[in-house]
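Everything below concerns the one structure shown next.
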Amino acid sequence: PKMYHLADGDLNSKIDRHDNLGKGNFPIGSFLQMIEQDTMITLETPRNPDNGLDDFENDVQNLFKQSEI
């Protein structure tokens, strides 16, 4: 793939929830290890417009934390 679409969710659910990173139980760190460097990633997570970019900032911070695992 040229781009990976990341979101969190529930491994035990049949519903594709697209949770914010850290709000589900997906092994995001393991997913990141499978992605080659210099590959594009997009976050497919919800954002509440009333929060400005806070939701996005939290997702990016969680992404960096998971990449260190």
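The values are calculated or read from the model by the stated rules, or taken from the named source; none is laboratory data. Predicted, not measured: the structure shown is a model, and the values here were computed from it. Every residue, glycine as well, gets a Cβ built from its backbone with ideal geometry; the counts of neighbours run over all protein chains shown. What goes into the accessible areas is simple: the full protein's heavy atoms, side chains included, and nothing from ligands, DNA or RNA. Shrake-Rupley method; radii C 1.70, N 1.55, O 1.52, S 1.80 Å.
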Checklist line | Residues of the chain: accessible area per residue with a 1.4 Å probe, Å² | finding: 77 Å²
Check: Given H placed 1.01 Å from N in the peptide plane, which residues other than close sequence neighbours of Leu6 have an amide H under 5 Å from its amide H?
Finding: Thr42, Leu43, Glu44
Note to self: Given bins 5 angstrom wide, list per bin the percent of all Cα-Cα distances in the chain, short to long.
What the structure shows: 3, 17, 26, 27, 17, 8, 2
Checklist line | Distance in nm between pseudo-label sites at Lys65 and Asn51 (7 Å out along the Cβ direction from Cα) | finding: 1.3 nm
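Report in % the part of the accessible area of the chain that belongs to carbon and sulfur, leaving out ligands and nucleic acids; probe 1.4 Å. Intermediate results must be reported in sequence, preceding the final value.
On the way: 2650 of 5290 Å².
Here carbon and sulfur together make up 50 percent of the probe-accessible area.
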